[in-house]
Amino acid sequence: MAAGDFLLAYLSYGKETTFNTQKLKAIQLKAWLFNPRDGRSISLGTFDNAGTKTVKPHSEGRGSDWVVIIEDAGKNYSDPGIGGNS
């Protein structure tokens, strides 16, 4: 992975968060929610890099931590989570 290929953020309480994606070089991005409690990931799809992306995890509050992964869709990295292609 090279600089500007991805963004990785830990959300300790699963709150809706808007990310600045301007420093990511790609025109098309792919996003994931990774659940550190069970090792599985949820695809948030592919989208144009418009400079920001708002992510709302599936749960919020204490015990609802999530990792957000936003990456260059053209790089075809393995899916995060159990098995690499969740």
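Tell me which strands (runs of 3 or more DSSP E) are completely within the stretch 23-86 and hold 2 or more residues being farther than 13 Å from residue 6 by Cα and of a type in the set (S, T, N, Q), or say none if there are none.
40-48, 52-55
Considering the stretch 42-86, the residues that are touching a residue at least 40 places away in the same chain (Cβ under 8 Å) and among the polar types (S, T, N, Q) include one that is surrounded by the fewest Cβ atoms within 10 Å (Cβ to Cβ), namely 59. Given the structure, is residue 14 touching a residue at least 40 places away in the same chain (Cβ under 8 Å), at positive phi and not in a strand (DSSP E or B)? Yes. Of the listed requirements (1) touching a Pro at 6+ places or on another chain (Cβ under 8 Å); (2) modelled with pLDDT of 95 or more; (3) not basic (Lys, Arg), residue 64 misses just one: (2).
Anything in the stretch 30-41 that is under 15 Å from residue 77 (Cα atoms) and either surrounded by fewer than 14 Cβ atoms within 10 Å (Cβ to Cβ) or not aliphatic (A, V, I, L, M) (or both)? List them, or say none. Selection gives 30, 32, 34, 41.
The values are calculated or read from the model by the stated rules, or taken from the named source; none is laboratory data. Note that the structure is predicted; figures quoted are calculated from it, not measured. Here the Cβ is made from the backbone with ideal geometry for all residues, glycine too, and neighbour counts use every protein chain on show.
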